Amino acid sequence: MSHVLDVDLRLRHALTLSFRYRAPEVDKEDKRNQSSDVWSLGCVFLEMLTVIADKSIADMTRFFRNNKKGNTTLADELILFHTYSESIQQWVAKLGFTPDDGTPAGCILKMVGSPLSRI
């Protein structure tokens, strides 16, 4: 019984994480394509950039929550990246990275930008 419960908890955790990286168009149930995958990868790169800047994912999460405008929703509790598009740009600036096109930060911001700018 405990093995089944353990598997169930791991599955729930994995599903929660994959929701976290979903592109905005996927969340709206629009057609998924390569651009959606680029968004997800950009979110992972943003987390890597955060750690490189000697900050934790918890620091980033706190920043997103503190800078959220409006009412808190379930999406906010799960920290779905697409609900924090303004905060992502502010976070990259707070980390001290210049978001120019040729820099890693600039590439990441393009990856988590509008679908047309991703590819």
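Using per-residue counts of other Cβ atoms within 10 Å, averaged over each peptide, order 62-68, 104-110 from highest down. Spell out each step's value before the answer.
On the way: 62-68: 14.7, 104-110: 18.1.
Per-residue Cβ counts within 10 Å, averaged per peptide and sorted highest first, yield 104-110, 62-68.
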Summed side-chain charge close to Gly42 - residues other than Gly42 whose Cβ falls under 14 Å, Lys, Arg +1, Asp, Glu -1: +1
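Would you tally the net charge around Asp59, using a Cβ to Cβ cut-off of less than 14 Å, leaving Asp59 out, and scoring K and R as +1, D and E as -1? Could the numbers behind the result be given before it?
Details: positive: Lys55, Arg62, Arg65, Lys94; negative: Glu47, Asp54.
Local net charge: +2.
Packing-wise, with mean Cβ within 10 Å as the measure, how do 84-97, 45-58 rank, highest first?
Working: 84-97: 16.6, 45-58: 14.6.
Per-residue Cβ counts within 10 Å, averaged per peptide and sorted highest first, yield 84-97, 45-58.
Where a number appears in this text, it was derived from the coordinates with a stated rule and is not lab data. Here the structure is a predicted model, which means the values were calculated and not measured. No Cβ is skipped: glycine too gets one built from the backbone with ideal geometry, and neighbour counts run over all protein chains shown.
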